[in-house]
Amino acid sequence: MTGDGPDFWQGQAEVARIQTAGQHTVFCRLVLKAPEVARRAVPGQFVHVLCPSGVEAAGPDGEAGDLGTPGRPFLRRPISLHDVDLASGTITVLFRAVGRGTANLARVRPGDGVNLMGPLGGGVFPLVEDRPTIVCGGGIGVAPLLFLVKRLVDHAARRDGAAVSVLLGIRSEDDLALIEPFRELTGGVELEVASETECPGTTTGLVTDLLETALKRASLRWARRPAIYACGPLPMLMAVRRLVERVGAPAWFSVEERMACGVGACRGCAVAVRESPPFRLACVDGPVFEAGRLSLGEDGGGPSAPKAADRGGSP
Amino acid sequence: MTGREEPSLGVAVAGIEMRNPVITASGTFGYGREYAALIPLAELGAVVVKGTSLAPRPGNPPPRTVETASGVLNSIGLENPGVEHFISRDLPWLAAQRVPVVVNVVGRTVEEYVEMARRLDGAPGLRAIEANISCPNVKEGGLAFGADPRAAAALTAGMRQATSLPLIVKLTPNVTDIAGLARAVVEAGADAVSLINTLVGMAIDPVARRPILHRGIGGLSGPAVKPVALAAVYRVAGAVTVPVIGMGGIWSGRDAVEFIMAGASAVAIGTAVFVDPRRPLGVIAEIREFMINHGHRRVSDMVGLANATFAGRRPMSRMPDEGVRS
């Protein structure tokens, strides 16, 4: 019956645990009981989450508190899988409460039900086995990388035991909550953290500075060029791509785009690529793409300011 | 009807026999495979696949969608792999799913629509063509075919000559007189009309100081448009005798019955599927429940019941005191 469409589950998942942190930006780590998602999920995938329509929380930036905005949130929110535990059948998502939907989602309580579709995402992180790996994340972009790192560590034996090098970048001390689970990883991981402002336990600077150094070291440490996995803001991805292309290392990026259906039916989540046809879908071709395929804007394509409104009928 | 007799949900629209009046709307259900994990297509009344053009179209740059209150704005740009890909790759799989398949057709000129009809005529497993006439007519300065009764009629007449498949014309609400458009396309040979397509709308990012969609303007769908769609169906059903397929913000069986009583012989579900993929199955069950609770034996018994101006043919006439209250 699957007919080559994505194999995903849809239903109510019970909230097992919720943690929020941060003052300026609220981060939320949500653990949900979803064994049907957990058993199918691979790193790079996401769940499409129906956010509660609670009205108490104030929205961002001029959006009304008190009664909130009637009729929103409407669409599901795609949120990457941060962690998966097969033994307990739970999944973890890590997100920023930036809009009406995520603000409401950050207020659920253990025992509440959250309606999920997933796992979704056809383009995923390939678990390379023949070379060392460097995992590179910036800000909330670190979210999908924990699941990836854990699976890479499991595969370490096939890479002659080479450790997974994890490079993470944050803005300030306020974001330290993002990197806690990476600090808790035991064995198999070499972790370095950069912070844009001074913060204990980190190097002051950008994660791309750490990557540049790591790539120089790599040529001395390893015979094979490492595989690079990255997720983060667009300027970070552009800088990472420049670095990896210089040394000829294979790289995969996880990108995000506004999504409606999440399964490839509506064609809404177009990602500009340097190919013909010039768009792929984040939900079924991605969210992970080979870095070289993406049009990140340096060549005039890719994300750009919207043009003046077209005349003509409905699309 | 006494007790809780099992109602009959089957309907026939424009020669298409459907097991129930619930259709998936074009542009929201891909080519059917995407939701196959959750919805056995054989349980649907029919599937209308996304707008298909002669040549492949890449679609618009992102952002192509943005949420609104109770709705979605889209500016997909009619991305599709083209008619040859549809006929050779997508239609065979769909035709094997035991659900009537309708293809939605888009074009830039009357000649393109006619050529599409010619190529699709006789395609194995295809049950009908739905002409999306909301597209800009590039030969007339971009005015939508669906906004101009003469262009809409010429397009319909051209397609009518080119195919013997049932021809459904999908109307845009962005006009002053949708009933007039409906009359024009029916006179030109449409076997049925479907409505509404999306409403013109936009959203702006006040921090970035620009529209959110790349193309600025988009089309609004979802529960937000339901009252507009319902009024359009009501008016069109009072103006033409061919079947009307109603859509626009339908979420529940009760919504669907509103459209049927306004004059629709069948309904389509679109945006709701994004939020609740199983919604079409829910709507079917809820229509059935409504019919049982309110004594309707057949879907056709309900068509136009709330519409004093209903012009279509109904198989049974109703006595004045057999009004329905919900």
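What follows draws every value from the coordinates through simple rules; no lab data is involved. This structure is a prediction, so every number in the text was calculated from the model and none was measured. Note: ideal-geometry Cβ built from the backbone for every residue, glycine included; neighbour counts use all protein chains shown.
Miscellaneous remarks
- The single residue among B:182, B:232, B:190 that is surrounded by 24 or more Cβ atoms within 10 Å (Cβ to Cβ), more than 10 Å from every other protein chain (Cβ to nearest Cβ) and part of a loop (DSSP other than H, G, I, E, B) turns out to be B:190.
- Search result, residues across region B:6-23 that are under 16 Å from residue B:43 (Cα atoms), touching a residue at least 40 places away in the same chain (Cβ under 8 Å) and assigned to a strand (DSSP E or B): B:8, B:11, B:16, B:17, B:18, B:22, B:23
- Residue pairs meeting the criteria (Cβ under 6 Å; at least 6 apart or on separate chains; first at the interface with chain B (Cβ under 7 Å from one of its Cβ atoms), in region A:257-268; second charged (D, E, K, R)): A:263/B:34; A:264/B:34; A:265/B:34; A:267/B:79; A:268/B:64
- Residues that are in contact with a Pro (Cβ under 9 Å, 6 or more places away or on another chain) and within 11 Å of chain A (Cβ to nearest Cβ) within region B:1-32 comprise B:24, B:27, B:29, listed in sequence order.
- Of the residues making up region B:42-74, those that are over 17 Å from the mean Cα position of the chain (by Cα), outside any strand (DSSP E or B) and more than 22 Å from residue B:106 (Cβ to Cβ) are B:42, B:43, B:69, B:70.
- Filter result for residue A:194 (assigned to a helix (DSSP H, G or I), more than 25 Å from residue A:39 (Cα to Cα) and in contact with a strand residue (DSSP E or B) (Cβ under 6 Å, 6 or more places away or on another chain)): no
- Checking each residue in region A:180-191 for being free of Cβ contacts under 8 Å to residues at least 24 places away in the same chain and not in a helix (DSSP H, G or I) picks out A:184, A:186.
- Qualifying residue in region B:76-92 (condition: small (Gly, Ala, Ser) and within 30 Å of residue A:77 (Cβ to Cβ)): yes
- Every residue from region A:275-297 that is among the aliphatic types (A, V, I, L, M) and touching a Ser or Thr at 6+ places or on another chain (Cβ under 8 Å): A:288
- Once region A:86-100 is narrowed to residues that are touching a helix residue (DSSP H, G or I) at 6+ places or on another chain (Cβ under 7 Å) and at negative phi, the residue that is surrounded by the fewest Cβ atoms within 10 Å (Cβ to Cβ) is A:86.
- Selection within region B:208-219 - within 7 Å of chain A (Cβ to nearest Cβ) and either assigned to a loop (DSSP other than H, G, I, E, B) or of a type in the set (A, V, I, L, M, F, W, C) (or both): B:213, B:214, B:215, B:216, B:217
- Some residue of region A:244-251 being within 17 Å of the chain's Cα centre (by Cα) and away from every other protein chain (no Cβ under 14 Å): yes
- Of all residues in region B:265-293 being assigned to a helix (DSSP H, G or I) and without any contact (Cβ under 8 Å) to a residue 40 or more places away in the chain, the one that is nearest to the other protein chains (Cβ to nearest Cβ): B:275
- Meets criteria (basic (Lys, Arg) and over 18 Å from residue A:251 (Cβ atoms)) for residue A:151: no
- Considered as a group, the residues in region B:67-115 that are of a type in the set (Ser, Thr, Tyr) and at the interface with chain A (Cβ under 10 Å from one of its Cβ atoms) include one that is surrounded by the most Cβ atoms within 10 Å (Cβ to Cβ), and that residue is B:75.
- Selection within region B:143-179 - part of a helix (DSSP H, G or I) and within 12 Å of chain A (Cβ to nearest Cβ): B:145, B:146, B:147, B:151, B:152
- Residues of region A:160-179 classified as crowded, with 21+ Cβ neighbours inside 10 Å and part of a helix (DSSP H, G or I), total: 3
- Filter result for residue A:76 (within 14 Å of another protein chain (Cβ to nearest Cβ), within 20 Å of the chain's Cα centre (by Cα) and among the basic types (Lys, Arg)): yes
- Which numbered condition residue B:258 misses (of (1) under 17 Å from the mean Cα position of the chain (by Cα); (2) within 14 Å of chain A (Cβ to nearest Cβ); (3) acidic (Asp, Glu)): (2)
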